[in-house]
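In what follows, a structure is listed as structure tokens, so that the remarks can point back to it.
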Amino acid sequence: MNTKTILAVALLAQATTAPLALAQPAPLPDVAAAQARAAATVGRMTADEKVVLTHGIMALPLGGDAPPLPADAVLGAGYVEGIPRLGVPALKETDASLGVGYVSGIRKDGATALPSGLAQAASWNPDLLYRGGAMIGSEARAKGFNVLLAGGVNLMRDPRNGRTFEYLSEDPLLTGVLAGAAIRGVQSNNIISTIKHFALNGQETGRKIVDARISDAAARESDLLAFQIGIEQGQPLSVMCAYNRVNGVKACDSDWLLTRVLKQSWRYKGFVMSDWGKAVPGVEAALNGLDQQSGSQLDKAVFLGDQLKQKAASDRRYAVKLDDMNTRVLTAIYAAGLDKHPASPGGKIDFAKNAAVAEEVARAGIVLLRNERSVLPLAPSAKSIAVIGGYADRGVMSGGGSSQVQGEAGPAVTIPVAVGPSGSSASQQYHRSSPLEAIKAMAPSAAITFRDGRYIADAVEQARGAEIAIVFATEWRTEGFDQPDLSLPDGQDELIAAVAEANPNTVVVLETGGPVKMPWLGKTAAVIEAWYPGARGGQAIASVLFGQTNPAGRLPITFPASEEQLPRPKLDGSDWVEPYTADDIPPSGDKLHADYDIEGADVGYRWFARQNAKPLFPFGFGLSYTRFSASGLAVKGKTAIFTVTNTGQRAGDEVAQLYLVSRAGQPTRRLVGFERVSLRPGASQKVTVTIDARLLADWKDGGWSMPAGDYGFALGRDAERLGPVVAVRLAARTWSDGAEPPRFP
Ligand code: BGC
């Protein structure tokens, strides 16, 4: 499995990167053929038919005056009517990147929950993301959905973002490559996947009004590059535009984002759907590049229905646009084969097989952050273990909001939190996969106790009497709400510190939706970050604790030591936008903006490198039960070759990381290649990485531009611990987005 990142695929988007060398990838959609068919169908459409595919409803019984749902709608996120006369099927849409959405259990069915996006990304393994995508796509199809609202790729500009768990990473290459693989997996089921939320949807606080301000260059080199790579590699047939504003304009009404960047510069041929409710300001969004209004009951009006028809009848600009909008939606429908391979509810799902995929992803994404005196892995012969906290007796935490997934029997634990805009985001939920039970199965002869951790003295007493103490700590995140800070809530820091004081063999298992601070870190023996580990999270955690899995997850996001280190120590609007009101537009909303030019393209670890700030744990960090060395780096043109060796005693995976560390005399920090390799003890593997020229370039004067000079590269165990620098002299180059990237000697 590798991430050789370049060559050319030019269908949906202008190609500068190769499809991944995935294990057995499904073919990419034949967009050119679909486009030709789509144009022919548009030629047969009546004026009424031309405004059918341009808007959809939320596929939920909303009550009140809302008309009943169409008979063929499947309860979920959305429904767009089809055109039976022309053989065009309806679109049946469900959330999201982690599995088929639970929508508060309304369908009375369950689905397999993948671990969170962060957990998936921590595997640094596109092949696994592909298989996860293929799995959730197959479940969506079996439930009758033909559109999966997956592909969340927003870069993590703020680690407090409530949706951090849904997204992949803070780096455009890692995010784009992994998202592309996941999307390709989803679409291998003859269904459409989105990529979302386009773009710069960096915080939930006031998400429908916040104005993300950023220069063209910084956006192109960061958030937009993640989308661009994801689109090239995964060819999602739809793009979901975001709620927020970008440089003063609603993202779903942004001519710059939707038309100039996406459709012109990247030559994207699929369609743009809006996010759900208050994302679309009016009918003119059609002129600016929006193709479909979603969840229209949540808006003031169906802008892209009759209003659009009337405009098209009198204004040629709208008429031309309308044909293009229909061509794009139909291109997606035909390219995915929705008409030829219709999805209908009641398909068979092999839940055991799918849970095994979820478990494999969870095991691959767990990150070992600390392991003093090699306290881990635990011996199955351990005599006594005190398990404490985190509802570990019941299950594992999951994130809230539209991406919430639950299994057949529903949540193991449901804790009401607040009355939020959507039911599922108003309660914390745990999947039915108990770490306690899995630990008992691993150490059958140990005396194992459990305390929920609400009473610290009692937990400490248990810990003191046991050989090993394992504290589970959870941090719940949800769509619609950002974390006020990065601390563990509910007094868990105090609990961990007290237990660690009482037992030197204290292991902390974190189930968090993003980075957290660890004031107790130095007192603990070991820490693992298990994220939200999905349907079989308990088993995956136990497997790492007892060494059946040698942990190889690496952080896809920097863990700051404090909020003071962030580009915005205080999250914009956090002092005056009420929590859980993400969907209500506060009065004086106009004053809410996020200045992303502070860090510009230097998101995450690049910001820390620029500021010379030391995080708690750097991007790319993760320990193993074995040791690796990487050596012999040679860079020729865009090709880097090096050797990775397992120098320890156990088989394990290493994630080799290649960074650009200087450019034309200027220090910089940028991930330019990575590869996860599996090695037996003593074994070596030669790794070849092809560097995407955009990662060496600036966006300048409407194109990519590389200064002449020495380019320094180094292998990194993470973004901080870098090996010797290998310099290559490169000439100045410029190229436009649509053109072939430059040749290197
Ligand atoms: C979210 C999207 C989701 C949509 C449909 C929105 O609130 O931002 O990610 O796909 O709802 O449920």
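Nothing in this text is a laboratory measurement; each read-out follows from the coordinates by a stated rule. Since we're looking at a predicted model, the values are computed, not measured. Counting neighbours? That spans all protein chains shown, and the Cβs are built from the backbone with ideal geometry, glycine included.
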Note to self: Contact order normalised by length for the chain, with contacts defined as Cα pairs under 8 Å and 6 or more residues apart; what percent is it?
What the structure shows: 16
Note to self: Can you sort Y243, Y625 from fewest to most other Cβ atoms within 10 Å of each residue's own Cβ?
What the structure shows: Y625, Y243
Checklist line | Between 0 and 90°, nearest 10: helix 351-365 axis offset from the chain longest Cα axis | finding: 70
Checklist line | Within region 667-745: Cβ-based charge dipole about Cα centre, in debye rounded to nearest 20 (Lys, Arg +1; Asp, Glu -1) | finding: 340
Notebook entry, point to check: What is the percent of Cα-Cα separations in region 595-680 that go past 20 Å?
Noted result: 48
Checklist line | Inter-label distance, nm, simple model (7 Å from Cα along the C-beta direction), V249/T688 | finding: 4.3
Item checked: Across K353/K440; K143/K309; K196/K321; K250/K340, pairs whose alpha-carbon gap is larger than 25 Å -> K143/K309; K250/K340
Checklist line | Estimated FRET transfer efficiency when R0 is 51 angstrom, pair D595-D65 (beta carbons, to 0.05) | finding: 0.80
Item checked: Ellipsoid equivalent to region 276-403 - semi-axes via the Cα gyration tensor, in Å -> 52, 20, 15
Checklist line | Degrees between helix 31-43 axis and first principal axis of the chain (Cα, 0 to 90, nearest 10) | finding: 30
Note to self: If you wrap a convex hull around the alpha carbons of region 184-280, what volume per residue comes out, as a whole number of Å³?
What the structure shows: 94
Note to self: Could you compute the net charge surrounding S193? Neighbours are other residues with a C-beta less than 12 Å from the C-beta of S193; K and R count +1, D and E count -1.
What the structure shows: +1
Next item on the list: Only helical DSSP H runs with n ≥ 4 go in: add -39500 (n - 2.57) per run for the chain, normalise by residue count and round the 222 nm mean residue ellipticity to 500 deg cm²/dmol.
Entry: -6500 deg cm²/dmol
Check: Viscosity 1.002 mPa s, temperature 20 °C: Stokes-Einstein D of the chain from its Kirkwood Cα radius, in µm² per second?
Finding: 83
Notebook entry, point to check: Helix 223-234 sits at what angle to the longest principal axis of the chain, using alpha carbons and giving 0 to 90 degrees rounded to 10?
Noted result: 80
Next item on the list: Please give the FRET efficiency for R267 paired with A731, using the beta carbon to beta carbon distance and R0 = 22 Å, rounded to the nearest 0.05.
Entry: 0.20
Next item on the list: Compute the distribution of all C-alpha to C-alpha distances in region 667-730, in bins of 5 Å from 0, and list the percent of pairs in each, rounded to whole numbers.
Entry: 3, 13, 21, 23, 18, 10, 7, 3, 2, 1, 0
Next item on the list: Can you tell me which of 565-572, 250-257 comes out highest on packing, and rank the rest after it, using the mean Cβ neighbours within 10 Å?
Entry: 250-257, 565-572
Next item on the list: Specify which residue in the list Q406, A379, A392 is farthest towards the positive end of the charge dipole of region 361-415, using unit charges on the beta carbon of Lys, Arg (+1) and Asp, Glu (-1), about the Cα centre.
Entry: A379
Checklist line | For region 407-510, alpha-carbon Rg over 2.2 N^0.38 Å | finding: 1.23
Next item on the list: Based on the mean of other Cβ atoms within 10 Å per residue, sort peptides 347-358, 645-656 so the most packed one is first.
Entry: 645-656, 347-358
Checklist line | Cα-centre dipole for region 594-745 with unit charges at Cβ (Lys and Arg positive, Asp and Glu negative), debye to 20 | finding: 640
Note to self: For a protection proxy built on the mean count of beta-carbon atoms within 10 angstrom, sort 460-468, 493-501 highest first, please.
What the structure shows: 493-501, 460-468
Next item on the list: Run a plain Debye calculation on region 247-310 (Cα atoms as equal point scatterers, no solvent) and give log10 I(q)/I(0) at q = 0.12, 0.16, 0.23 Å⁻¹, rounded to two decimals, same order as the q list.
Entry: -0.27, -0.47, -0.92
